[in-house]
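FYI, it's all coordinate maths here, none of it is from the lab. This structure is a prediction, so every number in the text was calculated from the model and none was measured. Virtual Cβ from ideal backbone geometry, glycine too; neighbours counted across all protein chains shown.
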Amino acid sequence: MSIGDIAARFGLATHVLRHWEAMGLLAPARIGGDRRRYGTEDLYRVAAILRAKEAGFGLDDVREMITASDPAERRAVLVRQRAELARRIAEAQVSLELIDCALDCEHEDLAGCPHFQAILAERISPAPPPHVRV
């Protein structure tokens with residue numbers, strides 16, 4: 001498949017694929033001089049890159065994940081990335097609960113709703129102790 005075929009298949013601009021190639025994320029075969037030819041493995045690699053980006057990973061993180069050749073190194077990278085993703089999912093879940101609470105709230109002033117306040121309580125740092133002057 002040509003670069004145009006792959007780009008169209010994933011809804012990407014061709015310059016995105018060229019950038020990913022320059023970063024070492026893709027390595028399509030070359031034919032007839034400098035024409036790129038993408039195979040089935042490249043399809044899966046593009047899909048993996050897109051899925052990782054959808055999960056919030058930067059391209060450097062993606063490159064580290066997919067280019068690790070040693071299984072132990074790859075596992076270490078994946079364990080670290082999994083922990084980061086789990087953290088972000090937990091944060092998103094709390095945000096979703098806050099939105100659901102707000103949607104169900106009948107109070108005129110949302111900030112005065114005890115249930116809403118309870119959800120937000122963990123984000124409020126305790127007040128610093130008053131400064132004592134001598």
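So how far, in whole Å, is the C-alpha centre of segment 70-131 from the one of segment 7-25?
The distance from the Cα centre of segment 70-131 to that of segment 7-25 comes to 34 Å.
Go ahead and set up a Gaussian network model of the chain, Cα springs under 10 Å, then flag whichever of G11, G32, G56 fluctuates most.
G32
Just to be sure I understand: with springs between alpha-carbon atoms less than 10 Å apart, which residue in I99, I66, I49 has the highest mean-square fluctuation in the Gaussian network model of the chain?
I99
If amide H atoms are built 1.01 Å from N in the plane of the peptide, which residues on other chains or at least 5 residues away come under 5 Å of the amide H of L26?
The answer is E21.
What does the helix-only formula give at 222 nm for the chain: each DSSP H stretch with n ≥ 4 adding -39500 (n - 2.57), the total divided by the residues, and the result rounded to the nearest 500 deg cm²/dmol? Let's see the in-between values first.
Details: 6 runs with 82 residues, N = 134.
Using -39500 (n - 2.57) per qualifying helix, the result is -19500 deg cm²/dmol.
Spelling out what I want: for every residue of segment 112-129, take phi, set θ = phi - 60°, compute 6.51 cos²θ - 1.76 cosθ + 1.60 (Karplus), and round to whole Hz; glycine and proline get x.
Per-residue couplings from phi come out as x, 6, x, 5, 4, 4, 4, 5, 7, 3, 5, 7, 8, 6, x, 5, x, x Hz.
Let's see if you can work this out: charge +1 on each Lys and Arg Cβ, -1 on each Asp and Glu Cβ, no other charges. What is the dipole magnitude of the chain about its Cα centre, in debye to the nearest 20? Write down the numbers at each step before the final one.
Working: 18 positive and 20 negative charges, 187 e Å.
Magnitude of the dipole: close to 900 debye.
How large is ³J(HN,Hα), in whole Hz, for each residue of segment 17-34 in order, when computed from phi with the Karplus curve 6.51 cos²θ - 1.76 cosθ + 1.60 and θ = phi - 60°, using x for Gly and Pro?
5, 5, 5, 4, 5, 4, 7, x, 7, 10, 9, x, 5, 10, 10, x, x, 10
Largest first and to the nearest Å, give the Cα extent of the chain along each principal axis.
If we take the Cα atoms of the chain, the spans are 78, 43, 29 Å.
With viscosity set to 1.306 mPa s and temperature to 10 °C, compute the Stokes-Einstein D of segment 1-55, Rh being the Kirkwood radius across alpha carbon pairs; µm²/s, no decimals.
Working: Rh = 11.3 Å.
Reported coefficient: 141 µm²/s.
Among L96, H19, L78, whose Cα projects farthest towards the positive end of the dipole of the chain, with charges put on the beta-carbon of Lys, Arg (+1) and Asp, Glu (-1)?
Towards the positive end, the residue furthest out is H19.
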